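The values are calculated or read from the model by the stated rules, or taken from the named source; none is laboratory data. Predicted, not measured: the structure shown is a model, and the values here were computed from it. Please note: Cβ atoms are built from the backbone with ideal geometry, for glycine as well, and neighbour counts cover all protein chains shown.
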Amino acid sequence: MARKKKSTTNIYLTYTAWSLAFIAVLVSTLFIGYYQGYEDAKEEITKQAKLQEQKRLDALKKLEELSAKKTEPDVNERLKEVLKKETPKYPDASHEYEDKAVVSVPKKEQPIVKKAGAKPKLAIIIDDVSAKSHVRAIKSLQLPLTMSFLPPSPARPDSAVLASQESFYMVHLPMEAQSFSAEEPGTLRISNSEEEIVKRIAELKELFPKVRYINNHTGSKFTADERAVNRLVFALKKHNINFIDSRTTADTTVPKVMQNYGLEYVARDVFLDHEADKEYIKNQIKTAVKLAKSHGSAIAIGHPHANTILALRESKALLREVDLVYVNKLY
């Protein structure tokens, strides 16, 4: 009887063991299946989420492209509206000079100094600033552009007041041209005596007390006359004002006079907008950037025209390749 009882117990234990093993296999299978299903589901959810995100980004991109196409003409029209006070007789920068040869990049008179590892510097001067609309349009770009204000006149009485609201600015001083029918009031002429020029600069210093830099408006005849330039530089030195040559003539005598005074000659390298076409202006901006990279620094001159403002807005990525600075930070 004892042997039979033992045998029954062994069979019972065997069945129990097999049952437990079966349950273990079943549980493992269910667990593995669940885990695999979970991972598959997780991978599918992730895949779908990425797909949805990509669709969203694609939709946003298309929306931005459509918005850009729609907005550009709107921006252009707004700028034209903002600049509606702009003097119509100045459609481009061609009023500044008679000799088209001066448009080409001049030979650098100042020594080329390239510091190792230093980012090339570019200063962009915006001439002819004289109205609130000009200032608003320039500031809308949020770029360090140097505004050069025309002296007050009956046509633009607020230019000095507008300049007083800026921390840094220049004065765009009218000088005699070879032939220009729309001469500004108070234009310096080669016939002006030293006393007359000294008085004129003193008046400008009263109107623009923070001025440290002056460049010439037109002036192809004045800057070609060494005696006239000598009188001007003498007057500017009395007020600690620097002169930047706009180079409106290939016959400029400013380099020689500055050398005689032991002063550094600083001049315009590129005219941005002597043609009013926006794509042309963008190419001139490229030229200015290229020149800055080649020489370590460069100066470009533009005007507050709608296409110039638009070209600068659309060239912001390119301008990040250089250190865009005010002219007082150039050297």
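Among the residues of the stretch 171-178, is any of a type in the set (S, T, N, Q), touching a residue at least 24 places away in the same chain (Cβ under 8 Å), under 25 Å from ALA224 (Cβ atoms) and not in a strand (DSSP E or B)?
yes
Out of (1) within 21 Å of HIS172 (Cβ to Cβ); (2) surrounded by fewer than 23 Cβ atoms within 10 Å (Cβ to Cβ); (3) under 12 Å from the mean Cα position of the chain (by Cα); (4) not basic (Lys, Arg), the odd one out for ILE285 is which?
Of (1) within 21 Å of HIS172 (Cβ to Cβ); (2) surrounded by fewer than 23 Cβ atoms within 10 Å (Cβ to Cβ); (3) under 12 Å from the mean Cα position of the chain (by Cα); (4) not basic (Lys, Arg), only one is false for ILE285: (2).
Does the stretch 228-239 contain any residue that is more than 30 Å from ARG320 (Cβ to Cβ) and not in a helix (DSSP H, G or I)?
To start, the set of residues in the stretch 228-239 that are more than 30 Å from ARG320 (Cβ to Cβ) comprises 228-239.
Remaining after also requiring not in a helix (DSSP H, G or I): 239.
Yes, the stretch 228-239 has at least one match.
Just need a number here: residues in the stretch 188-207 that are hydrophobic (A, V, I, L, M, F, W, C) and in contact with a Phe, Trp or Tyr (Cβ under 7 Å, 6 or more places away or on another chain).
The total comes to 2.
For the stretch 295-331, name all the residues that are without any contact (Cβ under 8 Å) to a residue 60 or more places away in the chain and basic (Lys, Arg).
Hit for the stretch 295-331 is ARG320, nothing else.
Please work out which one of (1) crowded, with 24+ Cβ neighbours inside 10 Å; (2) more than 25 Å from LEU310 (Cβ to Cβ); (3) out of contact with any Gly (no Cβ under 7 Å at 6 or more places or on another chain); (4) not aromatic (Phe, Trp, Tyr) is the condition MET175 fails and give its number.
Every condition holds for MET175 apart from (3).
Looking at ASP128, is it among the charged types (D, E, K, R), out of contact with any Cys (no Cβ under 9 Å at 6 or more places or on another chain) and at pLDDT below 95?
no
For the stretch 290-331, name all the residues that are crowded, with 22+ Cβ neighbours inside 10 Å and over 24 Å from VAL135 (Cα atoms).
ALA292, SER297
May I ask you to list pairs of residues, at least six apart or on different chains, whose Cβ atoms are under 9 Å apart, with the first in the stretch 202-226 being more than 19 Å from ASN260 (Cβ to Cβ) and in a loop (DSSP other than H, G, I, E, B) and the second being at pLDDT 95 or above and of a type in the set (Lys, Arg)?
So the pair list comes out as VAL211/LYS205; LYS221/ARG189.
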